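Heads up: the structure comes next, in structure tokens.
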Amino acid sequence: MILVLDFGSQLTQMIARRLRELNFYSEIQPFDFPIEKIKAMKPAGIILSGGPNSVYESGSPKRSVKELMEIAPLLGICYGMQLIAHDLGGRVSPSDHREYGLMPLKWESDWGVRQHNVWMSHGDHVLAMPPGYQALAKSAGSPIAAMADFARKRFAVQFHPEVVH
């Protein structure tokens, strides 16, 4: 079971749909779903959805990423990525320009640079990763558009992999 925590994204239902299409059972719960209930569910993974807020705004939806990562591997999408960075010691900042729609993304790896288009929808971006993370991709408006801490099974993307066109 994959648990999707909803931080207010209009695309949260689509995340669950894509998981079902991949033959994974998933449940959507609000971002502040009690930690004891999450532990009782014993999810195989937890996805932190996107959302319209900025992690540094007063009143934005927040919760301890540290508590969640003790339960299961994490994937942060958009706001979820920013929350992971913010909560674990990275730095999130407003972008000079908002990225919205289909954007080219450059993946950098030992195999070289590969580019493909992804769906972006954000006004903030991660400027500094938390300790233990490595950058995997970038876009014109996001110097860190994907990052991972492979050893601890934590992954984050600034784009929306659930959107396909």
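The values are calculated or read from the model by the stated rules, or taken from the named source; none is laboratory data. None of the values given here were measured: they were computed from a predicted structure. For neighbour counting, all protein chains shown are included, and Cβ atoms are generated from backbone atoms with ideal geometry for every residue, glycine included. What goes into the accessible areas is simple: the full protein's heavy atoms, side chains included, and nothing from ligands, DNA or RNA. Shrake-Rupley method; radii C 1.70, N 1.55, O 1.52, S 1.80 Å.
Here are some notes:
- Condition met for Val65 (within 19 Å of Val157 (Cβ to Cβ), under 14 Å from the mean Cα position of the chain (by Cα) and without any contact (Cβ under 8 Å) to a residue 40 or more places away in the chain): yes
- Just one of (1) modelled with pLDDT of 95 or more; (2) open to solvent by 60 Å² or more (accessible area, probe 1.4 Å) fails for Gln10. It is (1).
- Checking Gly101 against (1) in contact (Cβ under 8 Å) with a residue 24 or more places away in the chain; (2) surrounded by fewer than 17 Cβ atoms within 10 Å (Cβ to Cβ), the condition it does not meet: (1)
- Near pairs, Cβ below 8 angstrom, 6+ apart or cross-chain, from the range 7-28 (part of a loop (DSSP other than H, G, I, E, B)) to any residue that is among the acidic types (Asp, Glu): Leu11/Glu162
- Gly132 vs. criteria surrounded by fewer than 23 Cβ atoms within 10 Å (Cβ to Cβ), of a type outside the set (Asp, Glu) and part of a loop (DSSP other than H, G, I, E, B): yes
- Unmet criterion (only one of (1) under 19 Å from Ala151 (Cα atoms); (2) out of contact with any Phe, Trp or Tyr (no Cβ under 8 Å at 6 or more places or on another chain); (3) in contact (Cβ under 8 Å) with a residue 24 or more places away in the chain; (4) not polar (S, T, N, Q)) for Pro73: (2)
- Of note, Val65 satisfies the criterion of being hydrophobic (A, V, I, L, M, F, W, C) and within 24 Å of Met41 (Cβ to Cβ).
- Screening the range 62-85 for residues that are in a loop (DSSP other than H, G, I, E, B) and closer than 20 Å to Lys39 by Cα and picking the one that is least open to solvent (accessible area, probe 1.4 Å) gives Ala72.
- Residue match in the range 39-58 (condition: assigned to a helix (DSSP H, G or I), open to solvent by 60 Å² or more (accessible area, probe 1.4 Å) and touching a residue at least 12 places away in the same chain (Cβ under 8 Å)): yes
- Test result for Leu88, closer than 19 Å to Ile144 by Cβ, surrounded by fewer than 24 Cβ atoms within 10 Å (Cβ to Cβ) and more than 13 Å from the chain's Cα centre (by Cα): yes
- Subset of the range 142-165 (residues that are among the small types (Gly, Ala, Ser), under 13 Å from the mean Cα position of the chain (by Cα) and part of a loop (DSSP other than H, G, I, E, B)): Ala145
- Any hit, the range 32-47, residues being over 28 Å from Ala140 (Cα atoms), touching an Asp or Glu at 6+ places or on another chain (Cβ under 6 Å) and modelled with pLDDT of 95 or more: yes
- Which listed residue, of Ser109, Ser121, Ser139, is surrounded by 14 or more Cβ atoms within 10 Å (Cβ to Cβ) and more than 15 Å from the chain's Cα centre (by Cα): Ser139
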